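Take a look at the structure set out below.
No lab work stands behind these numbers, since they all come straight from the coordinates. Note that the coordinates shown come from a computational prediction; the quantities given were computed from them, not determined experimentally. Cβ atoms come from the backbone with ideal geometry, glycine included; neighbour counts cover every protein chain shown.
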Amino acid sequence: MAVGARFGHDDPEEGHEQLAQSPAAPTDSMTNEPLGSATEQERESGTLDNGGRVPKKQRSFWKELPLLIGIALILALLIKTFLVQAFSIPSDSMQDTLQRGDRVLVDKLTPWFGAEPKRGEVVVFHDPGGWLEDTATPTPNVAQKFLSFIGLMPSAEEKDLIKRVIAVGGDTVECKEGGKVEVNGTALQESSYIYPGNTPCDDKPFGPIKVPKDRIWVMGDHRQNSLDSRYHQELPGNGTVSVNEVVGRAFVVAWPVNRWSVLSVPGTFDQSGLSSAAAAAAPAAMGVAGAVPLVLWRRRKLTGGRTAG
């Protein structure tokens, strides 16, 4: 008789768990393999992923191409509308800073945040009215129109100009024959950007002119070959341009490659004397306005303390 045997019971011995038997996986009656499992041929062909599943078939490149082109065109249109736009230089009025045929990139983002043109910047602006009335514009073909619309090509139809900002709203600007351009009585040292051999204004002296608020006075760097603010004083605004007409600041020459350069503001525009009296007084006036309430509050506090004592 076996030691430890228990008669009349089919239960397992104490101290041992009975293991549940796993149900048999369903099989395919034709192949005798579990349903849902990979076949031997699929395993050998390498068409399965690590989980034993058949991966989804990728779409072909040619099916993806129209979607990629559409996304690229939308992005180009958004960039041209809100960020940066390319412009072609059609004349010699900005030599030697810019040559005919140069492509410049214009910052269109900062004006959306209220930034206004500053002295010394090179800006692109729409024709204020009458500046380009005698200038013929070429007729582009359909492809050129489309590419210029999305910003991949400079527009040939738009009547835009490019000049350097010399004075802004509130400034007084003038230039006498044989003299230099003066802004608020301070002479500009323009030798770094004026076309070699040109004079500041001998072909068209002007001023003094008070630049109205929200307007700018612009001049070309090739002074003797630029129909700028000096030549349109008979028009509304006396030759000045509304800041609302400004497309943006040209900040780089992007093409041709050997002409690549950054269009920085010349150092002469950093002179402290250029600021108009009103602009110079503004920070002081704001400081006084902010200090007055603090002084009154402190005086009231000190007076109240002495009274209470």
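Quick notes
- Per-residue packing, averaged as other Cβ atoms within 10 Å, sorts the ranges 89-101, 240-252, 188-200 into the order 240-252, 89-101, 188-200, beginning with the highest.
- Dipole check for region 164-225: with +1 at the C-beta of Lys and Arg, -1 at the C-beta of Asp and Glu, and the Cα centre as origin, the magnitude is about 160 Debye.
- Packing-based order for 170-178, 64-72, using average beta carbon neighbours within 10 Å, highest first: 170-178, 64-72
- Backbone amide hydrogens, once placed in the peptide plane, bring Val252 within less than 5 Å of Leu105, Leu263, excluding anything fewer than 5 places away on its chain.
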